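Scroll down for the structure; my scribbles are underneath it.
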Amino acid sequence: MIQTDQDILQLVAGDAWMMDILRHAQSLELPDWWVCAGFVRSKMWDTLHGYERTSLPDIDVVYYDPSSLEESKEKELEQRLHERAPGLPWSVKNQARMHIVNGETPYASSTDAISKFPETATALGVRLDERGRLELTAPYGVEDAWGLNVRPTPHFAATPERMAVYRERVAKKQWQTKWPRVQILDQGKR
């Protein structure tokens with residue numbers, strides 16, 4: 001059974017901790033912001049494995065602001081989040097500058113940047129709109145995340161160099177240790 005976008009939104013809406021995280025991120029009033037990657041994927045995989053909540057190495061908050069590309073601004077925003085919610089592993093990144101870090105052409109938006117993440121199951125983000133309603137971005141859909149499948153995004157599958165990064169990342173993450181039903185796809189050497 002393929003789960004839907006709405007199922008993810010209901011899962012997040014029913015998790016008070018996740019909703020608090022989203023309200024903290026929203027309080028920064030950033031343009032084109034999302035809480036993404038493992039924040040969403042791990043909730044899905046935890047649910048599918050019957051886990052309460054596994055720990056996150058970071059809580060990824062992304063936004064898109066081409067008018068301010070200084071990394072120091074991101075650190076300032078992280079500090080504000082640490083003040084609001086101490087003890088959480090906040091990571092804030094302006095996707096308008098991350099193309100420089102990643103050696104790529106400029107991204108057009110946060111969703112465009114999320115589409116350049118290594119795995120389809122991680123290319124997910126949630127946020128609250130101006131009225132406090134949940135929104136989801138999933139450039140490659142949600143089927144891989146719900147299906148417990150890790151596969152490269154088309155962006156990473158496009159070149160041998162990116163595929164090498166994908167394979168190294170998958171090996172380092174060792175997701176199958178935490179979530180044994182996860183299937184790693186396309187991890188062989190070419």
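Within the range 136-162, if we keep just the residues that are assigned to a helix (DSSP H, G or I) and in contact with a helix residue (DSSP H, G or I) (Cβ under 6 Å, 6 or more places away or on another chain), the residue that is surrounded by the fewest Cβ atoms within 10 Å (Cβ to Cβ) turns out to be 162. Here residue 104 passes the criteria (1) modelled with pLDDT of 95 or more; (2) assigned to a loop (DSSP other than H, G, I, E, B); (3) at negative phi; (4) not small (Gly, Ala, Ser) except the one numbered (1). Candidates in the range 1-17 are the residues that are outside any helix (DSSP H, G or I) and modelled with pLDDT under 95; of these, the one that is farthest from the chain's Cα centre (by Cα) is 1. When you scan the range 75-83, do you find a residue that is crowded, with 16+ Cβ neighbours inside 10 Å, under 20 Å from residue 169 (Cβ atoms) and among the aliphatic types (A, V, I, L, M), even just one? No, there is no match, as no residue in the range 75-83 is crowded, with 16+ Cβ neighbours inside 10 Å, under 20 Å from residue 169 (Cβ atoms) and among the aliphatic types (A, V, I, L, M). Number of residues in the range 158-183 that are closer than 18 Å to residue 124 by Cβ and either within 17 Å of the chain's Cα centre (by Cα) or among the hydrophobic types (A, V, I, L, M, F, W, C) (or both) equals 7.
Considering the conditions (1) touching a helix residue (DSSP H, G or I) at 6+ places or on another chain (Cβ under 7 Å); (2) touching a residue at least 60 places away in the same chain (Cβ under 8 Å); (3) assigned to a loop (DSSP other than H, G, I, E, B), residue 116 is excluded by exactly one of them, (2). Selection of the range 31-71 for residues being in contact with an Asp or Glu (Cβ under 7 Å, 6 or more places away or on another chain), part of a loop (DSSP other than H, G, I, E, B) and closer than 21 Å to residue 116 by Cα yields 31, 37, 64.
The values are calculated or read from the model by the stated rules, or taken from the named source; none is laboratory data. Note that the structure is predicted; figures quoted are calculated from it, not measured. Here the Cβ is made from the backbone with ideal geometry for all residues, glycine too, and neighbour counts use every protein chain on show.
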